[in-house]
Amino acid sequence: EAGVAQSPRYKIIEKRQSVAFWCNPISGHATLYWYQQILGQGPKLLIQFQNNGVVDDSQLPKDRFSAERLKGVDSTLKIQPAKLEDSAVYLCASSLDRGPYEQYFGPGTRLTVT
Amino acid sequence: AQSVTQLDSQVPVFEEAPVELRCNYSSSVSVYLFWYVQYPNQGLQLLLKYLSGSTLVKGINGFEAEFNKSQTSFHLRKPSVHISDTAEYFCAVSGSGSYKLIFGSGTRLLVRP
């Protein structure tokens with residue numbers, strides 16, 4: 001079975017620019033997660049979707065970050081405008097459903113803001 | 001609120017030696033516990049998980065972990081490590097509700113020949 005796909009793998013932008021990341025979860029997975037992993041730290045949840053609805057976005061900086069999962073399948077995470085502290089790896093994960101199921105992670109997008 | 005502490009940022013060990021990576025958690029509700037491994041430039045892969053039942057959990061690649069409720073710990077062990085086990089290991093906790101994962105800061109396992 002195909003895993004979680006993410007693109008691009010790497011992105012370099014200047015501060016105040018905008019950027020978007022794309023994620024395609026495993027087919028049939030209802031729950032999708034976006035995590036931010038800053039160098040030297042563990043991943044931190046930004047937003048969780050159940051189908052196309054938001055379950056948890058309590059740690060999403062909503063003044064600059066937005067995410068959508070319009071058809072309950074793939075998802076896009078956007079940052080506008082980017083700050084230096086947004087430099088991180090952005091990981092997408094999916095699970096079969098909401099619950100203590102295994103989360104399958106994509107390879108991530110490494111963002112560098114200069 | 002839930003949290004996870006991984007006290008060791010790096011653990012160096014010789015090949016074929018045993019290893020233990022420590023993880024302590026705090027939570028006011030019942031928890032589910034996980035260990036993930038991250039190889040360079042890759043996403044995270046589940047090693048093992050504790051949901052309920054037996055406190056000794058066996059995972060992939062010869063790893064195991066023991067859930068200790070009284071000490072709020074979930075330490076990861078392997079009796080004999082290989083060079084290929086060199087990676088970053090993350091302990092994580094989740095609970096009912098959103099079931100989101102709360103990760104520790106990670107432990108880098110460095111296996112030397």
Q.
Quick test of your reading of the structure: A:Trp34 fulfils all but one of (1) under 25 Å from B:Phe103 (Cα atoms); (2) surrounded by fewer than 19 Cβ atoms within 10 Å (Cβ to Cβ). Name the failing condition by number.
A. (2)
Q | Residue within region A:44-51 that is surrounded by fewer than 14 Cβ atoms within 10 Å (Cβ to Cβ), more than 14 Å from the chain's Cα centre (by Cα) and either more than 9 Å from chain B (Cβ to nearest Cβ) or over 18 Å from B:Leu101 (Cα atoms) (or both) present | A | no
Q. Taking region A:1-31, which residues are free of Cβ contacts under 8 Å to residues at least 60 places away in the same chain and surrounded by 13 or more Cβ atoms within 10 Å (Cβ to Cβ)?
A. A:Ala20, A:Trp22, A:Asn24
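Of the residues A:Ser87, A:Ser75, which is touching a residue at least 40 places away in the same chain (Cβ under 8 Å) and within 22 Å of B:Tyr99 (Cβ to Cβ)?
Just one listed residue meets the conditions, A:Ser75.
Every residue, every condition in (1) more than 10 Å from chain A (Cβ to nearest Cβ); (2) under 28 Å from A:Tyr90 (Cβ atoms), yes or no:
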residue	(1), (2)
B:Val4	no, yes
B:Leu7	yes, yes
B:Glu15	yes, no
B:Val19	yes, no
B:Ser28	yes, no
B:Val37	yes, yes
B:Asn41	no, yes
B:Leu44	no, yes
Q: Scan B:Ser105, B:Ser94 and give me the residue that is within 9 Å of another protein chain (Cβ to nearest Cβ), surrounded by fewer than 19 Cβ atoms within 10 Å (Cβ to Cβ) and in contact (Cβ under 8 Å) with a residue 12 or more places away in the chain.
A: B:Ser105
**Q.** Residue among B:Thr72, B:Thr86, B:Thr55 that is within 25 Å of A:Gln6 (Cα to Cα) and away from chain A (no Cβ under 14 Å)
**A.** B:Thr86
**Q.** Failed item, numbered, when A:Asp97 is tested on (1) more than 14 Å from every other protein chain (Cβ to nearest Cβ); (2) within 13 Å of A:Pro25 (Cβ to Cβ)
**A.** (1)
(Q) Can you say whether B:Ser80 is among the hydroxyl-bearing types (Ser, Thr, Tyr) and at pLDDT below 95, as far as the supplied structure shows? (A) no
Q. Mind checking whether some residue in region B:58-71 is under 22 Å from A:Gln48 (Cα atoms) and either in contact (Cβ under 8 Å) with a residue 60 or more places away in the chain or hydrophobic (A, V, I, L, M, F, W, C) (or both)?
A. no
Q: For B:Val111, state whether it is farther than 18 Å from A:Gly99 by Cα and crowded, with 17+ Cβ neighbours inside 10 Å.
A: yes
Q.
Suppose we keep only residues that are within 12 Å of chain B (Cβ to nearest Cβ) and either small (Gly, Ala, Ser) or in a strand (DSSP E or B) (or both) within region A:2-29. Which one would you say is farthest from A:Asn52 (Cα to Cα)?
A. A:Tyr10
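The values are calculated or read from the model by the stated rules, or taken from the named source; none is laboratory data. Keep in mind that what you see is a predicted model, and the values were worked out from it rather than measured. So basically every Cβ, Gly included, is an ideal-geometry build from the backbone, and we count neighbours across all protein chains shown.
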